[in-house]
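**Q** Below: one structure in structure tokens.
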Amino acid sequence: MTTPPCYSCGKEARFDELPPRERIAFDQYWRVAHSFNTAVPGWLVLLPRRHVTAVHDLTDAEAGALGVWQVGLSRALRGVTGCLKTYVVQFAESEGFAHVHFHIVPRMADLPAAHRGPGIFGLLDHSEAEGVTAEGGGGGGPAPPPPPGGGPPPHGR
């Protein structure tokens with residue numbers, strides 16, 4: 001049995017060619033992308049820039065920056081979307097997506113009960129007409145800016 005290619009590492013290898021939605025903000029350890037094929041504007045994904053398949057394998061420096069990124073992105077989403085809170089979720093179980101990544105999802109006040117908590121993943125894997133696509137188009141709307149104030153220093157090109 002062969003291991004499927006790592007989607008995240010494939011993107012990282014082409015970093016300088018990535019569209020803006022794939023590198024909203026970054027530092028030496030982490031990169032922020034807007035999720036594709038989602039019906040939720042502002043659904044962010046925080047990824048380590050090196051291949052890691054378990055949280056316990058993060059370096060101390062990566063782990064130290066992780067909390068700052070999660071809080072900074074949650075604050076940015078609140079400021080941009082007006083969400084009540086954010087969901088921060090990490091599974092890394094789908095084939096080709098074993099690379100550690102954190103979903104940081106704005107939880108809006110009017111979110112139907114069926115999509116609250118783990119049900120939010122029912123809004124992932126939507127068609128191009130319904131959501132943000134891998135190319136950045138679709139109905140998902142713009143991604144929020146990098147975290148304001150106390151977040152890690154975002155970089156962009």
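**Q** Which value, in debye to the nearest 20, describes the size of the charge dipole of the range 34-128 about its Cα centre when Lys and Arg Cβ atoms bear +1, Asp and Glu Cβ atoms bear -1, and nothing else is charged?
**A** 420 debye
**Q** Separate question: Work out from phi, with θ = phi - 60° and the Karplus expression 6.51 cos²θ - 1.76 cosθ + 1.60, the ³J(HN,Hα) of each residue of the range 52-67, listed in order in whole Hz, and give x for Gly and Pro.
**A** 9, 10, 8, 4, 5, 8, 5, 6, 4, 5, 4, 5, x, 6, 4, x
**Q** When the accessible area of the range 1-114 is computed with all protein chains present and a 1.4 Å probe, what percentage of it is carbon and sulfur?
**A** Answer for the range 1-114: carbon and sulfur cover 57 percent of the accessible area.
**Q** Could you give the dipole magnitude of the range 56-98 about its Cα centre, charging the beta-carbon of Lys and Arg +1 and that of Asp and Glu -1, in debye to the nearest 20? All intermediate terms of the calculation are to be shown ahead of the outcome.
**A** On the way: 3 positive and 5 negative charges, 98 e Å.
Dipole size: approximately 480 debye.
**Q** Semi-axes of the range 41-82's equivalent ellipsoid from the Cα gyration tensor, sqrt of 5 times each eigenvalue, largest first, rounded to whole Å?
**A** Each semi-axis is the square root of five times an eigenvalue, giving 24, 11, 6 Å.
**Q** Hey, another quick one. Between residue 108 and residue 49, how many nm apart are label points set 7 Å from Cα along the C-beta direction?
**A** Once both label points are built, they end up 3.3 nm from each other.
**Q** Applying the Karplus parametrisation 6.51 cos²θ - 1.76 cosθ + 1.60 with θ = phi - 60° to the phi angles of the range 12-29, what ³J(HN,Hα) value in whole Hz is obtained for each residue in order, glycine and proline being reported as x?
**A** So the Karplus estimates, Gly and Pro as x, are 4, 5, 10, 3, 5, 9, 5, x, x, 5, 8, 8, 4, 8, 6, 9, 5, 10 Hz.
**Q** At 7 Å along the Cα-to-beta-carbon direction for both residue 15 and residue 80, put a label point, then send me their distance in nm to one decimal.
**A** If labels sit at residue 15 and residue 80, their model points lie 2.1 nm apart.
**Q** Could I ask something else about it? Could you list, bin by bin from short to long, the percent of Cα-Cα pairs of the range 1-95 in 5 Å steps?
**A** 2, 11, 22, 25, 21, 13, 5, 1, 0, 0
**Q** Sticking with this one: Among 21-30, 63-72, 37-46, what's the highest-first ranking by average C-beta atoms within 10 angstrom per residue?
**A** So the order, starting with the most tightly packed, is 37-46, 21-30, 63-72.
The values are calculated or read from the model by the stated rules, or taken from the named source; none is laboratory data. This one's a predicted model, so the numbers in the text were calculated from it and none came from an experiment. Cβ atoms come from the backbone with ideal geometry, glycine included; neighbour counts cover every protein chain shown. What goes into the accessible areas is simple: the full protein's heavy atoms, side chains included, and nothing from ligands, DNA or RNA. Shrake-Rupley method; radii C 1.70, N 1.55, O 1.52, S 1.80 Å.
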